[in-house]
Amino acid sequence: MTFRTYFQVDGGDRSGLAAQVAAQRARVTDRLSSVRRVIAVLSGKGGVGKSWVAAGLARAAARRWPDGVGVVDADLRSPTVARLLDAVGPLAVAPAGVVPARGTDAVRVISTDLLLDAGRPLTWREPAAERFVWRGTLEAGVLREFLGDVEWGALELLLVDLPPGADGVADLHALVPDLTGALVVTIPTEESERSVARAMRAAADAGIGLLGVIENMSGRHCGACGAITPLFDGDAGARLAAAFGVPLVARLPFDPAADAAVAALATVMDVLP
Amino acid sequence: MKFLCIDCDAQMAFEERRQPGDGTFAASFRCPRCGRAVAMLANPMETQLVGALGVQIGGRELDQAPFEQVRRTMEGRDDAFVEPPAEARAGRPRWSPAAQARLERVPRFVRGMVMKIYGEYAGERGIEEITPEIMDRARVDLGLEGM
């Protein structure tokens, strides 16, 4: 038996799946055309305070560019940025898109924390069988809609708080080819250095510009005397910056007072393209 | 995906799709020359693998609604969204009591989007009142499994 194969049959493909996917990408590009900078906040390691730093960066940026800053919480399974910025729902649905929540300093925020019931994990309606096969695709779809379906408006800066790990930044880059770059968060330890280095290498290999390293928990700030005493052994921030040829843009001592971090992160805005 | 009638060496034409609500997908195609029809039957995993891309199998009939994939796939809280006020829906097709009762059974997380989709479907076809029968027809035409 002989018969023609896909490309030998001239007629159109009814579903046009490739065209639909292309339209999805175009929707993201169109939406972000009014955003001057899209910057990923990443770390290869969990527990380094990445989201806390991202929230601080957003507030510092909002003081530089009032009403011009947004945050996408891409840590879909463990969202914290909305809470850190005191952003709450419900989210208004407008014809052209979903209106982001407003947090501290008028930062615009979108996060699964605004969509999930309190105390409930991220779960999907789809069949539970073999869920691991399509979980990543579903999560990529959510991130795509967070970027493309939200009425971000004109922004100077849109921060994307990525989940811990090395692969999230490449996924983001696939959705946002014009990604401005990435800021990297570490703590001083050697363990963090090794883990964060992998994420930085993944970003560099994907052609993503590394804008700088922020070392969090870089000593402990004494509220009484103002002194900064060591908290962890290590010098990961400086070592990573040197290894990748990027600046160490901030060292943040452990200090529960968020305003101190916001003030310390103000200078990061100076290194952004 | 294309279907070829080997006997006629002709591409078969799409006729209908169905998503019966059990996670599966079906589409029928007919040969324009000999009239032979075939049905493509996809199991839940095959259906989900494609659906996870946020695309419409068989082609997209309506514009993508905001957060369409989020609302169709995520388990979300009832009060996550505030929909446009009723006056913004002026001129839209009205909902029969039976259709409204059926709509009430849709989780609130997705209800606003479902309402918008059915409204646009009816509006584009000059349908003045949405009834359960119209909803059934739209489900078939648009591939709205479980809505």
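Where a number appears in this text, it was derived from the coordinates with a stated rule and is not lab data. Note that the structure is a prediction, hence the values are computed from the model and not measured. Heads up, the Cβs are rebuilt from the backbone with ideal geometry, glycines too, and the neighbour counts pull from every protein chain shown.
Cross-link partners of B:Lys2 among lysines, defined as those whose alpha carbon lies under 22 angstrom from its own and excluding same-chain residues fewer than eight positions apart, are absent.
Shape analysis of the range A:158-272 yields a ratio of the Cα radius of gyration to the Kirkwood radius, Rg/Rh, of 0.99. Membrane-span-like helices in chain B, defined purely by DSSP H runs whose alpha carbon atoms cover 18 Å or more axially and whose average Kyte-Doolittle hydropathy reaches -1.0, are B:108-124.
Extending 7 Å from the Cα toward the beta-carbon at both B:Leu49 and A:Ala258 defines two label points whose distance is 4.4 nm. Taken along its three principal axes, the alpha carbon spread of the range A:136-199 comes to 41, 29, 16 Å, from the longest extent down to the shortest. Partner shielding of A:138-148 amounts to 5, given as the average count of beta-carbon atoms from other chains within 10 Å of each residue beta-carbon. Per-residue mean of foreign Cβ neighbours for B:37-44 is 1 (Cβ atoms of other chains, 10 Å radius). Structure remark: mean-square fluctuation, Gaussian network model of chain A, C-alpha springs under 10 Å; the largest value among A:Pro121, A:Pro188, A:Pro247 belongs to A:Pro121.
Here chain B is assigned +1 on the Cβ of each Lys and Arg and -1 on the Cβ of each Asp and Glu. Its dipole about the Cα centre then comes out at about 60 debye.
Full extension of the chain segment joining A:Val88 with A:Cys222 gains 45.0 nm, where the gain is 0.36 nm per residue of separation less the Cα-Cα distance.
What does DSSP give for the protein assembly as shown in terms of the percent of beta bridges that are antiparallel, rounded to the nearest 5?
40 percent
Net charge in the neighbourhood of B:Arg71 (other residues with Cβ under 11 Å of its Cβ; Lys, Arg +1, Asp, Glu -1) is +1. The Rg/Rh ratio for chain B is 1.02, where Rg is the radius of gyration of the alpha carbons and Rh is the Kirkwood radius. Scanning residues 5 or more positions from A:Arg125 or on other chains, those with amide H under 5 Å from its amide H are B:Met74, B:Glu75, with H placed 1.01 Å from N in the peptide plane.
Rounded to the nearest 0.05, the FRET efficiency derived from the C-beta distance between A:Ala26 and B:Glu124 at R0 = 22 Å is 0.45. Axis of helix A:50-64 versus longest Cα principal axis of chain A: the two differ by about 80°, to the nearest ten degrees. Here the peptides B:51-64, A:207-220, B:100-113 are ranked by packing, the mean other Cβ count within 10 Å, and the order with the highest first is A:207-220, B:51-64, B:100-113. As a length-normalised measure over Cα pairs under 8 Å and 6 or more apart, the relative contact order of chain A settles at 24 percent. The reciprocal of the average 1/r between distinct C-alpha atoms defines the Kirkwood hydrodynamic radius, which for the protein assembly as shown equals 23.6 Å. When only the Cβ of Lys, Arg, Asp and Glu is charged (+1, +1, -1, -1), the dipole of the protein assembly as shown relative to its Cα centre reaches about 240 debye. If you plug the beta carbon distance of A:Asp178 and B:Arg36 into 1/(1 + (r/R0)^6) with R0 = 51 Å, you get a FRET efficiency near 0.55.
Among the residues of B:108-115, the average count of other protein chain beta-carbon atoms within 10 Å of the residue beta-carbon is 1. Taking the inverse of the mean reciprocal distance over all distinct Cα pairs, the Kirkwood hydrodynamic radius of the range A:1-125 comes to 17.4 Å. GNM remark for chain A: springs join alpha carbons under 10 Å apart, and the peak mean-square fluctuation among A:Leu183, A:Leu252, A:Leu231 falls on A:Leu231. Under 5 Å from the amide H of A:Leu91 lie the amide H atoms of B:Phe81, B:Val82, each residue being 5 or more positions distant or on a separate chain, with H modelled from the backbone and absent for Pro and chain starts.
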